[in-house]
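Below: one structure, written as structure tokens.
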Amino acid sequence: MQHVQAQAQSSALAQARPAGGAAAVQAKADNGAHDALRGMSFDAGAAYLAPVQAKLAPGAPVQAKPAEGGAAAAAPVQRLAVQRKNTTKPTLDKLDAPTVAKVVAALKGQGVWAGAVSAYKAATQEGKAPLERAAEDDIFLELLVAVEAAYSFAEGVSIDTLLDDAQIRATFIGAVKKDATPAPAPAPEAEKPKVEIPRSGTFGMVTSDTELVKADGSKLALKAGDACESQGAGADGMLKVLVHSGKEVEGTIDPKLFKTQPRISTDDDGKTQAYTYQKYEGKAFLGEPSVMDVDQGALGDCYLISGMGAVAAANPEIIKKAVKDNGDGTYTITFYELQKDGKTFKPHTETVDSYLPSYQGQKRTTYAQSDTAFNPVSQALWPALIEKAYAQWQGGYTAIQKGGQSSKAMEAITGVKSVSSAMPKEEDVIATFAQWQKENKAVVCGTRDWIQQTSKTGLFEGAGGSFKGALTDEQGMAAEIVKGTVKVKDAAGKGGTATDDKKGKLAGASVDSGSIAYDTGKAALTYKKDLAPADAKDLEASYQFEGTLNQGLNIHGDHAYMFRGVQGETLLFHNPWGPAAHKHPKPMTAAQFREYFETIAVNATLPPKG
């Protein structure tokens, strides 16, 4: 009797399923019901089915006491089936990807999903082993039972459709696998590189066009290459800068747009000159380094330019070894630093790019190689690169513009101690230089700072106590007068003596007013009544002048020249001001050399053997 009851109750569960359910899904559900109902009384079986009835057809209880006979016993089951057709469960009318995704999402809120995840973990040993097909079937069928219980199916859609669709199976199992597999620990978020704020006073340039934000909120357009210097951190991570390049204005920029560069030179008033940085595309060398490659430019570093030019003339291989192209737009320059023992040198390197100080609006450097607009076909970059690296090493172009010693510059390039040679006797000058030429030694000679003119007459004209004139060089050309050296006297003794006060004023006991222009030599004197010289020819001037010491020979004062060679009984020198022939001194005799030059620096370029 009990067996009959179990069969009847099991049949009720089966009839409560939607028509057309897959056999495998039915078996999965019905087998569980058979096992549970076997051995129960009818009343107990009804109680067991009550939750199923409530889930599938709320409000249709299973009858506890069936009427006698099979037909009567089947009546409650029939009512259950009829009521189930009127359920409000959602209907699956299609099985496209979005719909299947929604079904999976709904299952994740049920206990069956947790069971499927646990089963997957057990079957795969926590993801260490592959999922066997049988275990996959069990997991998939469990989920389909839950789908069948939760949804109605429209015509043309059935549980068989889900069961037979490989893509749906893959979606279900894939979602289970994802939940069963521990999410990999997120990779540590890469720290954003911190933008360093250059310390206040660091000189540099703007790397791209941008806007400077001033304190009042207004903005000023900046061009790539504009020179500026850091003034420390501003608000919101910005960089406070003072922009030069003729603008001289303060504000803030993005610190990522600041690139450190050697400080640009200053004018006579100490103001940063209105140059910009421009990038020069070219080659470090165009064949062998030559003395003809060097060109000083608007910087007082003739000692350095002459030093590198002299080394290039004597031993070009040293210049080639000093400059290394890194292939990334930068160059490493190797110098040599004299140690404390005063004898040994150690290498010192500086890495620079090819952004060079330039005239605004022109592709023309202001310092080395500034003679003409840059032409990569005819101009090698090595002089400008060495100059920039040397400036960077010494503290900026401002640090090397104040003059220096060619002997030290050559030492820094060769790593060999320079020798300051005494001035040879006139009869030994040519022979001495010829020997240096034979030994391939680098030689730089420096001219006197000034020439003394003593008691020179015929410089003034005028009458009646008012005179004008010009203090000239030895060739009668305009001269640069050394301050504090001017003395004008009346050779006849009537007008007394006038001297300059280093500020452009000529004064004396008999002088009413007077002036001197130091850059041109132009002078004017007005004497007091009855104290003026009788004749302009009586005015006699003594002074020191610099600048061009000898127009005919083209020799300038306080300047460094590279020795090129001996020609007969004359010496040939090269002016670091550029390759143009008119800039170089004419061949000069031993006597002329001794008259205008006062220093000689000699560098062997290679250490002596042994």
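Remark: MET562, MET423 ranked as MET423, MET562, counting other beta-carbon atoms within 10 Å and listing the fewest first. Highest-first packing order for the peptide set 157-163, 585-591 is 157-163, 585-591, based on the mean count of other beta carbon atoms within 10 Å.
Would you kindly calculate the mean projected area, averaged across all directions, of the convex hull enclosing the Cα atoms of the stretch 203-260, in square nanometres? Mean orientational projected area (the stretch 203-260, Cα hull): 3.3 nm².
Over the stretch 242-332, what relative contact order in percent results from Cα pairs under 8 Å that are six or more residues apart? 20 percent. A cut-off under 11 angstrom between Cβ atoms defines the neighbours of TRP113, and their net charge, with Lys, Arg +1 and Asp, Glu -1, is -1.
The modelled label-to-label distance between ASN440 and SER200, using points 7 Å beyond Cα along the C-beta direction, is 5.3 nm.
For every other residue with a beta carbon closer than 12 angstrom to the beta carbon of ASP226, add +1 if it is Lys or Arg and -1 if Asp or Glu, then tell me the sum. After counting each charged neighbour, the total is -1. The length gained by stretching the chain between LYS321 and LYS537 to full extension, at 0.36 nm per residue less their Cα-Cα distance, is 71.6 nm. Multiplying the residue separation of ASP512 and LYS283 by 0.36 nm and subtracting their alpha-carbon distance yields 76.2 nm. With N as its number of residues, the stretch 405-492 has a Cα radius of gyration that, divided by 2.2 N^0.38 Å, comes to 1.76. For the peptides 176-183, 334-341, the ranking by mean Cβ contacts within 10 Å, running from highest to lowest, is 176-183, 334-341.
A crude spin-label estimate for the pair LEU338 and GLU248, with each label 7 Å from Cα along the Cβ direction, gives 3.9 nm.
In sequence order, the stretch 562-574 has phi-based couplings of 8, 6, 9, x, 9, 10, x, 9, 10, 10, 10, 10, 10 Hz under the Karplus curve 6.51 cos²θ - 1.76 cosθ + 1.60, θ = phi - 60°, and Gly or Pro positions carry x. Close amide H contacts of LEU222 (hydrogens built in the peptide plane, cut-off under 5 Å, sequence separation of 5 or more or a different chain): THR210, GLU211, LEU212. Charge tally for GLN261 (other residues, Cβ to Cβ under 9 Å; Lys, Arg +1; Asp, Glu -1): +2. Scanning residues 5 or more positions from HIS348 or on other chains, those with amide H under 5 Å from its amide H are PHE335, TYR336, GLU337, with H placed 1.01 Å from N in the peptide plane.
Taken together, the values in this text are just the output of simple stated rules run on the coordinates, not laboratory data. Keep in mind that what you see is a predicted model, and the values were worked out from it rather than measured. We place every Cβ from the backbone using ideal geometry, glycine too, and count neighbours over all the protein chains shown.
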